[in-house]
1. For Ala166, list long-range residues whose amide hydrogen, built 1.01 Å from N in the peptide plane, is under 5 Å from its own amide hydrogen.
2. Would you work out if segment 47-134 is rounded, prolate or oblate? Take a ≥ b ≥ c from the square roots of the eigenvalues of the alpha-carbon gyration tensor; rounded if a/c is under 1.5, else prolate when a/b is larger than b/c, oblate otherwise.
3. Using packing as a proxy for protection, rank 68-76, 98-106 so that the peptide with the highest average count of other Cβ atoms within 10 Å comes first.
4. So what's Rg/Rh here for segment 105-155, counting alpha carbon atoms and using the Kirkwood radius for Rh?
5. Please list, in order along segment 95-101, the HN-Hα scalar couplings obtained from phi with the Karplus expression 6.51 cos²θ - 1.76 cosθ + 1.60 (θ = phi - 60°), rounded to whole Hz, x for Gly and Pro.
6. From a point 7 Å beyond the Cα of Glu60 in the direction of its Cβ, which residues of segment 118-143 have a backbone N at a distance under 16 Å?
Amino acid sequence: MSRRRPRDLEARACDGFWSPPGIVAAVAGVGWVALDEPDLPDFSASGEAQELPARGRISEVSLSEFEGILVGQRGRPVVVNIWASWCAPCRTEMPLLQSAADTYSGEVVLLGVASNDDPREAQQFLDDLGLDYPNVFDTTGEIRVALGLSAFPTTYVFDASGTMTARVNGGISEVRLAGLIEDVLR
């Protein structure tokens, strides 16, 4: 009677997996996970409407002031991007956000939120990259907590009624950003 070694049994168990249907199933599973949208946080802005901050200057705001800014923009979609000056993917995507702010000016508001950073370094970051769309500074970290931030950068999309419709954790591509904006404009 021949005895099989455990290694041989493991190899046989994997034989079906490495067949073409097994590989297709694995790739499809990985793709599904990669494309799966993260759950949206239970966040709804409320309070007294406030104006957008001045372009090109970072303004320190509290959570209630941030909510007021969002309330003040009701009637048009808002894209919020949480970033930090020390974040390499943030540096990469910021010019894309500026381009989107310019392209969709008057139709969509782009609002940057610097968090977990130094206000002077955040302002220098904006200046170095020549960014002038509105940005605020999350002084207490309450904004990132309220939005359920789990990665820098993270982009949130709110429709014209103020309902959050999408969140993208990590860097965003130009194509993905344009798609989210076009979806919310429909």
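Nothing in this text is a laboratory measurement; each read-out follows from the coordinates by a stated rule. Just so it is clear, the structure is predicted and the values come from calculations on it, not from any experiment. Counting neighbours? That spans all protein chains shown, and the Cβs are built from the backbone with ideal geometry, glycine included.
1. Amide H neighbours of Ala166, under 5 Å, 5+ apart: Val157.
2. oblate
3. 68-76, 98-106
4. Using only Cα positions, Rg/Rh for segment 105-155 is 0.98.
5. x, 5, 5, 4, 4, 5, 4
6. 118-124, 136-143
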